[in-house]
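Worksheet: the structure to be examined is printed underneath.
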Amino acid sequence: MFGARLAEAMAEHGPVCVGIDPHDHLLDLWGLPHTAAGVREFSLRTVAELAGTVAAVKPQSAFFEQYGAAGVAALEETLAAAREAGLITVLDVKRGDIGSTMGAYARAYLSPDSPLAADSITVSPYLGFGALAPALELAGTHDRGVFVLALTSNPEGREVQHAHGAAGTEGFGTSVAGSIVAKVAAHNAAEAAARGGGDELGRFGLVVGATIGTAASELGFDPASCAGPILAPTPGAQGAGVAELVAVFGAAALARNQVLATTSRGVLGAGPDGVREAATFLNEALRDLG
Ligand SMILES: O=C(O)c1cc(=O)[nH]c(=O)n1[C@@H]1O[C@H](COP(=O)(O)O)[C@@H](O)[C@H]1O
């Protein structure tokens, strides 16, 4: 099961997920051109360096899509290489659309025979949580994971995520983010009940930034109550972010390998010869927190 597989990989390697975001300045640093070929080389090298070192990688689709078909082909190759290397993939696409279109997105990323198949994806619930149903269903069919945006790391997210549900809606009286957490928890609970119980981590996860400070408690919920993995954008590879992870998610969630700490530039900025060491350093700084 996806949640259990992710938790096992985190128990083995530590909680770090390395985002593959080939920014122009990183391509420069790595001596690569600003082309699809440069992005391909950057990403395949990152995967090769990280195999056996981290639990998961998170390719950011936008950095591939900007180069058109050749960039998307590089993304396909990156996903395949990560799969072969035994790395769990979180494809960061943040998709969210009306149900019928969401079905096509789900097939694009969660069908095992799709060229862009990933172990898990990020999705946006801001066209309504119910619109995500096709992705949640297909994830169940093919044993994949889905990370639903709840409290994102960017300050602009607050105007939507901290708002309270309107009268007459299901989320009335609750913050939008709080109601997403409750819905993700309900999906995990339904799957757990169908399995006959147990405390295995669910396949439905959240995205909650390690930088949100006290926002979750002020809004009246605990992200860990979702009973699935939490993808936590975490700043910096030099130990920064450790205190924030403990403060936001608590030692218990970290100890049960529920929090996948993701960082991109913080590790990739170490250059091609330093990526593995930077990821290992961060894993070691974080793995004993629980
Ligand atoms: O879903 C994400 O990964 C994500 C959620 C969030 O709240 N904030 C956030 O920065 N991200 C992504 O995480 C990556 C951040 O990269 P770094 O700031 O370089 O670690 C980018 O790919 C973002 O799109």
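Set the Förster radius R0 to 35 Å, insert the Cβ-Cβ distance between E200 and V160 as r into 1/(1 + (r/R0)^6), and round the FRET efficiency to 0.05.
0.65
Place a label point 7 angstrom from the Cα of A73 along the Cα-to-Cβ direction, then list the residues of the stretch 1-45 whose backbone nitrogen is under 15 Å away.
Only 35-41 pass the distance filter.
According to the Cα gyration tensor, what semi-axes, each the square root of 5 times an eigenvalue, does the equivalent ellipsoid of the chain have, listed from largest to smallest in whole Å?
Semi-axis lengths for the chain are 28, 22, 18 Å.
Return the percentage of antiparallel bridges among DSSP beta bridges fully within the stretch 2-288, rounded to the nearest 5 %.
The antiparallel fraction comes to roughly 5 percent.
Would you mind checking the tilt of helix 176-195 against the longest principal axis of the Cα atoms of the chain, expressed as 0 to 90 degrees and rounded to 10?
90
Go ahead and run the numbers for FRET between D24 and A48, Cβ-Cβ distance against an R0 of 22 Å, rounding to 0.05.
0.50
Among F281, F172, F129, rank each residue by its count of other Cβ atoms within 10 Å, from fewest to most, as a rough exposure measure.
By the 10 Å Cβ count, ascending: F172, F281, F129.
Fewest to most neighbouring Cβ within 10 Å: what's the order for T234, T101, T214, T78?
Fewest to most other Cβ atoms nearby, the residues stand as T214, T101, T78, T234.
Can you tell me the 0 to 90 degree angle between the C-alpha axis of helix 2-13 and the longest principal axis of the chain, rounded to 10?
Rounded to the nearest ten degrees, it is 50.
Under 5 Å between amide hydrogens, which residues at least 5 positions from G19 or on another chain qualify, with H placed 1.01 Å from N in the peptide plane?
K58, T263, S264
Extension gain T169-A182, at 0.36 nm per residue separation less the Cα-Cα distance, in nm?
Separation in residues times 0.36 nm, less the Cα-Cα distance, equals 3.2 nm.
Among G38, A278, T169, which residue has its Cα positioned farthest towards the positive end of the charge dipole of the chain, with +1 placed on the Cβ of Lys and Arg, -1 on the Cβ of Asp and Glu, and the dipole taken about the Cα centre?
With unit charges placed on the Cβ atoms, the residue in question is T169.
What distance in nm lies between label points placed 7 Å from Cα along the C-beta direction at H34 and Q66?
0.8
Using only Cα atoms and rounding to the nearest 10 degrees, what angle (0 to 90) does helix 99-110 make with the longest principal axis of the chain?
It works out to around 40 degrees.
Fewest first, what order do T122, T35 take by the number of other Cβ atoms within 10 Å?
Final ranking by Cβ density, sparse to dense: T35, T122.
So for the stretch 2-288, averaging the separation of alpha carbon pairs under 8 Å that are six or more residues apart and normalising by length, what relative contact order in percent results?
Over the stretch 2-288, the number comes to 21 percent.
Computed from the coordinates by the stated procedures, all read-outs in this text should not be read as laboratory data. Only a predicted model underlies this, so the values are computations on that prediction, with no experimental measurement involved. Note: ideal-geometry Cβ built from the backbone for every residue, glycine included; neighbour counts use all protein chains shown.
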